[in-house]
Structure formats: structure tokens, C-alpha cells
Amino acid sequence: MLNIKPSNKDENSSKIQKPIYKVLIIDDEESIHDITKIVLSSMTFKKFEIELLHANSAKDAQKVLLENSDIALALIDVVMETPTAGLDLVNIIRNEHKNDFIRLVIRTGQADVIPKMEVIEEYDINDFKEKTELTVDKLYSTIRNSVTQYIQLQNLNKKYEDSYYQMTHNQLTKLPNRIQLNTDCEKKKNQTLILIDIVGFSLINDSNGFEVGDVVLKELGAFLQSMYSSKYCVYHLDRDIFALVTKDEDFAHLTDEIIKIKDDISNLHIVTNNFNKTIDTTIGVAYQDGENLIRKAELALQEARDKGKNQIQFYSDDLKIIQRIQNTNLWSGRIKDAISQGKLLAYYQPIIDIKSQKLVKYEALVRLDFDGTIYSPEHFLGAALYSGQLYDIFKVMFTKSCQKAEETSQMFSVNVSDTDILQNNFLSFVRETLNKHPLSAQKISLEILEYKSITPEIKDIICDIHKLGVKILIDDFGIQCSNFAQLEGLPIEILKIDGSFIKDITTNENSQIIVQTILLYAKAKKIKLLAEFVCNKDIYEYILPLGIDYIQGYYISEPLKDIE
């Protein structure tokens, strides 16, 4: 092994630290090694130095190659221990060692026996030289060009690896991301995937700022890596979701381990700025016994979220979330067809003034006609919510109600969700529909269904709708996000007490207290009350003296298909 250094002619260049690249001479003639060593000792390369390695046979060369994975160039004789030993070595380097970077130059003294064109065509070499033609200048050129190519390939590979790293790792925590997880799951079977979701991470960002949120993510990522990387591969997926994947197939105590992981995380104190808290998580787990491991774990995680914080859910084929997805897939197509075919129907349930016992308006209730059977909303409304079709249903029902208001001179209320109100064209749609049916503007009410909190943006839109003459009701009051604070600043005509408090009001003391509380509030605010789900005589008679203004339910009338 010999370091070839610059000559003393250029003292300045000798002071510059240049990279050293390895060149391997493979030849069974010792004289070739000696001559090459002497010739190269007189050469100076501007951008690098070379270190010579030697092997006297293809077998020795394999050992040197395995010990030195960073050889830039190999000058290989063909005929050594066998007539094709050098060519066979080329195949081993390229195909067995999978080394595509090293430059391979065949250097033979028997070119008349070994056809140059056939060798270049058949073997993955970079050049073919006769020993007699490798003069000092040509040897210099061959080494310089080959090492330069090697350097360029290495630089390109580094750029590729850097780009691949950027693509497959989370930039904040430096952990492998979803792309890498997908790749790894395809390669290995019989794994368990554990998804860990930080509960309320958006609130952490909103309350403390994104810098604190970033610290939380980095701290949790570092914690998972330090605690569990010996048994699990650790990933950071979408925003606040981390993943652990088992490295082996020993699942005997996996459930206990996952519980311990959850408990360990819950005891992790994260301290930064004014933030000094522990975090809650939900965990979804799936075992890879087939395909779609990530999807299964996500379904389990979603089910865990539905159950609440610090819950663990293992995937199984009978998860409620799977049934919900199946139901959504079934009904979303039916809803789309019903809308296009005019089979989304409006039924109308009377709303009665308790004191006068007179009809004051109808609530428009959606029905779906599929293959001649009329389905109530309990069959398809959940699917509409999850498939994003609620707004399409609202538009049909609002249009039908406006048409009916003009035809009958009756008043109608239409259900609308807070998510519908946030649709880009919601306000313009309502305005245009009312303009098409000008006699209906004062006869239409919107019943606001709250799946989320009523934001200032939603309040502004509701106030704009009210200015068009549309009356505002709050539906299902007392559950979901409905509460007294939500009502401030809204032009409400009627509060509709949720039916869950009405249907058992004769026997449930808690329902009685809630209704009385709502009554006191409504009276103070001068807002009228409507009780729904009045389904029998006992409830009706209990409701009568309370001071509630309006009632509806099957005891009064079931929803009607046709009204005049």
C-alpha cells in the first residue's frame, strides 16, 4: 500500500490537504505492480491524491474489495488463476457486491485472445486497455478520468441521498415519515404498527404558539427514540401523529407494553417558555396479517379518538368505524343518485302553538326513495355527513321549502348544519333561491344544527341571513356544542329543546331540571321555546303547563308527504 504524494516541485500545493482516493491494481505479475507504483510516484493530480492497493489474484482482490468499500478505480488483469478470472471478478463486483460506483478498467496483455468489443459489450466495465498501450500519459489520463468519474458519481449519490432523506424524514424531529413507513411496511411482514396521537395538539398551538407546539413534537419524538428504539422503529407521521413498528415477531406481551408506553408518555413533562405540562394521547394498533397495515391502524386510532383521551384501540374487523365507513360507502352513492333523479323527498311535520293549538309552521324533513322504499334520515344522514353530502341535501330541502312556501302560504323551517353555513357559496345560494321565490323570504326559518362550535365567522353569516328576512332557530339545544354562551349575538327566534330531554321528561329528573333551566333562560332573553319528540299523551300533558310555546312530535302529527 503506497501513498502517492505530489512532487516537491509545487510546495504550495503540497500544503493543501487534498482528498485521497484508492486505486486497486489486480495482476498476477509482480512486475506490473512495481512498474505501476514507480510510474504513479512521479504523477501529480491537481484535485486529489491516490493510495495504491494491490492484489495478485481475483481471489485476493475480493478480500481487498470487501475490506475497502471506497475504492475509486480497479485496474484488472484478465488472465490470472483462470483464463477469465478478471472478467469473472467484474461480474462479482457489479452483481454480487452491487458496487456500481467503482470504475473498472480491464488491463490485459493478451488482447489478441480476448476480443475488446465483445468484452465491452458483455461486461460492465468502464474501459479496456492493452498493457502495451498504457504509456505514462495514457495511464495518467485513465486514472485521472476514472477517479473524476468516481467523485462525480459519489457527489450525485450524496445529493440523491440528501434529497431522499429530506423526502422520507420529518424536518422537525428528523424521524422517518409516512413515506418511509409505507416503504418499510412493504418490505417486511408480520409487524405491529402503533399509532400515537397527541390529544388537543391544535389547542397547544392556539394557546401557546407554534414554537411551543414544535418543542412538544421534538420532545416527544426524542423521548420515543430514546426509550423504545431498541425494540421499535420510530416514525413521525402527519403533524401530531407518531408511530412505532415492532422490529421482531415477539408479540407475547405486546398489550402490556403498549399500556406501559401510554403511561410513560403521560408522565413525560414538557417544559418550555410558560408551558410545563404532560400530554394525553390516543393509540391505535394493528397487526400486519395481510395488506393495508397503516389503514387498519388509522381506523383503530379513529375509534380510540371517539372513545376519548388516553384510550387504546386494537384493530378488528368489527370496529364501529368500519361499519360507519361501509354505511357511508353504501349510502353516498344512493344519495347522489336520489338527488340527480329527484328522489330526495321533503316531508313536513306540523309545529303547533300550545296555547292556541293552531298550526304555526312545518319543519321540512328529508326522506330518500330507494327502489320504492322510503328511508328516514337515520339511515343515510350520518353517511351524508362523512361523505360531505350534507350541503347537497340542504340545497334540495331549502329549494323545496321555498317552493312550498309560495304554493301554500304556509311557513317552513329547514335544517342546516354549521358546516353547511361555512360553504363558500352558502350565502349567495340562499339569497339567489329567495330571489327566485320572493314570496317565501318571510316564511322560511333555518334550524341551526351544531356539530362544532359556532365561530364568529358563522355568527356573521347567520346575521346576514337574518337580514334577508329568514328567521333563526337553534335545533337540538342542550347537547353537542349548544349552550347558553353560543347564543350571544345571534338573532334567535326559537330555541328547540333537544328531544332527548323531552322523550323521558315524565320520568327523568335530570331532564326536568335541564328543561326548567332552559325555560328560565329563554324567558329572561325573551326567546320562544319549542319542544320536539312529543310522542305520547303523557309527555304532552306534562309539557302543557310548563310555559313552552310550541310543540311537535308524533303525538301531534307524523311528517306529512303532502300538504295544502
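The values are calculated or read from the model by the stated rules, or taken from the named source; none is laboratory data. Just so it is clear, the model here is predicted, and its values are computed rather than measured. Here the Cβ is made from the backbone with ideal geometry for all residues, glycine too, and neighbour counts use every protein chain on show. Ligands, DNA and RNA are excluded from the accessible area calculation, which covers all protein heavy atoms including side chains. Shrake-Rupley method; radii C 1.70, N 1.55, O 1.52, S 1.80 Å.
Taking square-rooted eigenvalues a ≥ b ≥ c of the alpha carbon gyration tensor, is the stretch 469-563 rounded, prolate or oblate, where a/c under 1.5 means rounded and, failing that, a/b exceeding b/c means prolate?
oblate
Between their Cα atoms, which of K320/K343; K355/K404; K307/K528 are more than 32 Å away from each other?
Table pairs above 32 Å Cα-Cα are K307/K528.
Quick one: how many Å² of K459 are accessible to a 1.4 Å probe, rounded to 10?
Roughly 50 Å² of K459 is accessible to a 1.4 Å probe.
Sorted by packing (mean other beta-carbon atoms within 10 Å per residue), highest first, where do 205-213, 82-90, 429-437 land?
Output ranking for 205-213, 82-90, 429-437: 82-90, 429-437, 205-213.
Taking 10 °C and 1.306 mPa s as the conditions, I'd like the Stokes-Einstein D for the stretch 352-475 in µm²/s, using the Kirkwood hydrodynamic radius from alpha carbon pairs.
Rounded, D is 104 µm²/s.
Determine by what factor the alpha-carbon radius of gyration of the stretch 413-547 differs from 2.2 N^0.38 Å, reporting the quotient.
That ratio works out to 1.12.
Along the stretch 316-331, what does the Karplus equation 6.51 cos²θ - 1.76 cosθ + 1.60 (θ = phi - 60°) give for ³J(HN,Hα), rounded to whole Hz, x for Gly and Pro?
Taking θ as phi minus 60°, the curve returns 8, 5, 9, 4, 4, 5, 5, 4, 5, 5, 4, 5, 5, 4, 5, 8 Hz for the stretch 316-331.
Which aspartates and glutamates, if any, have their Cα less than 15 Å from the Cα of K503, not counting same-chain residues under 8 positions apart?
D476, E532, D538, E541
When the accessible area of the stretch 171-243 is split by element with a 1.4 Å probe, what percent falls to carbon and sulfur?
Here carbon and sulfur together make up 54 percent of the probe-accessible area.
Tell me the angle of helix 426-436 to the major Cα principal axis of the chain, expressed in degrees between 0 and 90 and rounded to the nearest ten.
Tilt relative to the chain: about 40 degrees.
In the stretch 276-329, carbon and sulfur make up what percent of the accessible area (probe 1.4 Å)?
Solvent-exposed carbon and sulfur of the stretch 276-329 make up 40 percent of the total.
Taking only protein heavy atoms into account and a 1.4 Å probe, give the accessible area per residue of the chain in Å².
52 Å²
Across every pair of different alpha-carbon atoms, what Kirkwood hydrodynamic radius in Å does the stretch 130-209 reach?
When all Cα pairs of the stretch 130-209 are included, the Kirkwood radius is 17.8 Å.
What does the highest-first list of 271-279, 259-267 look like by mean Cβ count within 10 Å?
259-267, 271-279
If you average over every viewing direction, what projected area does the convex hull of the Cα atoms of the stretch 65-159 give, in nm²?
Its Cα hull, projected and averaged over all orientations, spans 6.5 nm².
Would you mind checking the tilt of helix 456-467 against the longest principal axis of the Cα atoms of the chain, expressed as 0 to 90 degrees and rounded to 10?
That works out to roughly 40 degrees.
Given 37 °C and 0.692 mPa s, compute D for the chain with the Stokes-Einstein relation, Rh being the Kirkwood radius over Cα pairs; round to the nearest whole µm²/s.
The calculation lands on 106 µm²/s.
Roughly what percent of Cα-Cα pairs across the stretch 261-334 reach past 21 Å?
Looking at the stretch 261-334, the distances longer than 21 Å represent 42 percent of pairs.
Show me the three semi-axes of the equivalent ellipsoid for the stretch 225-299, from the C-alpha gyration tensor (sqrt of 5 times each eigenvalue), largest first, rounded to whole Å.
25, 15, 11
Let me see the pair-distance distribution of the stretch 242-379: every alpha carbon pair, 5 Å bin width, integer percents in order.
Histogramming the stretch 242-379 at 5 Å steps yields 2, 8, 12, 12, 10, 9, 9, 9, 8, 7, 7, 4, 2, 1, 0 percent.
Name the residue from T142, N182, A222 whose Cα lies farthest towards the positive end of the charge dipole of the chain, charges +1 on Cβ of Lys and Arg and -1 on Cβ of Asp and Glu.
Of the options given, the answer is A222.
Place a +1 charge on the Cβ of each Lys and Arg in the stretch 398-545 and a -1 charge on the Cβ of each Asp and Glu, then give the dipole magnitude about the Cα centre in debye, rounded to the nearest 20.
I would put it at about 460 debye.
What is the packing order of peptides 495-501, 41-47, 141-147, taking the mean over residues of other C-beta atoms within 10 Å and listing the highest first?
Per-residue mean Cβ counts within 10 Å order the peptides as 495-501, 141-147, 41-47.
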